[in-house]
Amino acid sequence: MKKEIKRSYIREILDATNENTISFAGGLPASDLFPMDEIKDATLKALGNKESLQYSKSLGIDSLREKIAGFYTNKLNFKTSKDEILITSGSQQALDIVLKTIDKEDIIVENPSYIGALLSFQVLNKQLDCFSKIDELKTKLDNSNMLYLISDFQNPSTKSYSFNERKIIAEILNKNKSFLIEDGAYNFLDFSNEYKTPISKYCSKSVHLGSFSKIVSPGLRVGWIRADKELINKLIVIKEALDLHTSTLNQMILNEYLNANDLFLHIENINSIYKKKMNFMAACFDKYIPSFKYIKPLGGMFIYGKFEVDSMELAKNALEKNIAFVPAEVFYINKKSNEARFNFTNCSYDQIEFGIKAIGKILDEKRDFSGSIW
């Protein structure tokens, strides 16, 4: 009997929040950094072409695919042509397309791993195993399974793989003839603006997933798959079965935006502001919850660390006070954890301080006279 599939814990938290909730839960970019005026101009230009409201190619519009290929060639040191790009309705759909195309029932994931991917695997009834150290992959990977990982500023752990680690992972994959799904959702959110070459460049069997959600706007729901042309021709069959093509209008809006603006200047601005917010949140943890152990991330959207108490119980108590964060238990395969993930990008400085201070107060109130907690 197939197990009942539950909704994403994070989506449930977001549904439970209201206008008074301070949420560190979702991976939401800062709304005030959306390029509103530029997107308005791009939208008017797109709507000036009646084809923006028409059906379009399943692969995606050529000019946008060319620009995305340029990201790989010019920024990631990974030579790519437009024929190696498939536009998707967000990175989540990209993952679904790959999983339905590659006939592998077993998937190896990082421990912890992205909850959206874990849910996708569960929906398709995949069998999961996990790894914590790269050496474990030598015995876990073979030609019957796949590896899913986030190589830059991993969600939730914020870890990035070094150049040497990337080469080692690629060597293991190639030797064992396994397949790599590399999620690149955060690869441009590097506080130093020094972007790392994807592991996929060094793998004979791989896909790299990307998205405009974290760097322009998630509401447009435009992502992509980077793969060799032969595999793209297989992936397109599943894409056509799902929705024929990604929104023509949204693709054309992004294409016009990229024609008129330097995306990477925008990204540098995002990274500068996110770094300041991250440092501020870290300072609030040090001040109000010094027992919370974490390592400052070098990019991405989260601070990940460990409490001295049950983080799931603490999250429930915090939500009663209209403060939301994600206990790390939901990122693991059948494992309890005192770790937790906090998003620093979508809240104001005042909200960050108020929320962290409030969680610290909850912890203080739970202490008994002996100094222990719960």
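Of the conditions (1) in contact (Cβ under 8 Å) with a residue 60 or more places away in the chain; (2) on the phi < 0 side of the Ramachandran plot; (3) exposed (fewer than 15 other Cβ atoms within 10 Å of the Cβ), Leu244 clears all except one; give me its number. Here Leu244 meets the rest and fails (2). Only one of the listed residues (Ala315, Ala328, Ala340) is surrounded by 21 or more Cβ atoms within 10 Å (Cβ to Cβ), farther than 14 Å from Ser23 by Cβ and under 23 Å from the mean Cα position of the chain (by Cα). That residue is Ala328.
One residue stands out in the stretch 290-306 among those that are in a strand (DSSP E or B) and aromatic (Phe, Trp, Tyr): the one that is surrounded by the most Cβ atoms within 10 Å (Cβ to Cβ), namely Phe302. On the basis of being surrounded by fewer than 21 Cβ atoms within 10 Å (Cβ to Cβ), assigned to a loop (DSSP other than H, G, I, E, B) and out of contact with any strand residue (DSSP E or B) (no Cβ under 6 Å at 6 or more places or on another chain), does Ser113 make the cut? For Ser113, the condition - surrounded by fewer than 21 Cβ atoms within 10 Å (Cβ to Cβ), assigned to a loop (DSSP other than H, G, I, E, B) and out of contact with any strand residue (DSSP E or B) (no Cβ under 6 Å at 6 or more places or on another chain) - is not met. Among the residues of the stretch 116-145, the one identified as touching a Ser or Thr at 6+ places or on another chain (Cβ under 6 Å) and under 25 Å from Ser213 (Cα atoms) is Leu119. Considering the stretch 40-61, and only residues there that are surrounded by 14 or more Cβ atoms within 10 Å (Cβ to Cβ) and basic (Lys, Arg), the residue that is farthest from the chain's Cα centre (by Cα) turns out to be Lys45. Of the residues contained in the stretch 146-157, one or more are found to be closer than 15 Å to Ile181 by Cα, of a type in the set (Phe, Trp, Tyr) and modelled with pLDDT of 95 or more. One residue alone among Asn187, Asn255 is surrounded by 16 or more Cβ atoms within 10 Å (Cβ to Cβ) and under 16 Å from the mean Cα position of the chain (by Cα), and that residue is Asn187.
Taking Leu64, is it surrounded by 22 or more Cβ atoms within 10 Å (Cβ to Cβ), in the same structural domain as Ile181 (by TED's automatic domain parsing) and not in a helix (DSSP H, G or I)? No: the conditions fail for Leu64. What are the pairs, 6+ residues apart or on separate chains, where a residue within the stretch 230-241 that is within 16 Å of Gln92 (Cβ to Cβ) and in the same structural domain as Leu99 (by TED's automatic domain parsing) has its Cβ under 6 Å from a residue that is of a type in the set (A, V, I, L, M) and part of a helix (DSSP H, G or I)? Pairs found: Leu235/Ile97; Ile238/Ile97; Lys239/Ile97.
In the stretch 132-149 there is at least one residue that is closer than 26 Å to Asp190 by Cα and under 14 Å from the mean Cα position of the chain (by Cα).
Inspect the stretch 322-339 for any residue being of a type in the set (Lys, Arg) and modelled with pLDDT of 95 or more and give the result as yes or no. No, the stretch 322-339 has no match at all.
The values are calculated or read from the model by the stated rules, or taken from the named source; none is laboratory data. Remember, it's a predicted structure, so these values are computed and weren't measured experimentally. Cβ sites come from the backbone with ideal geometry, for glycine too, and all protein chains shown count toward neighbours.
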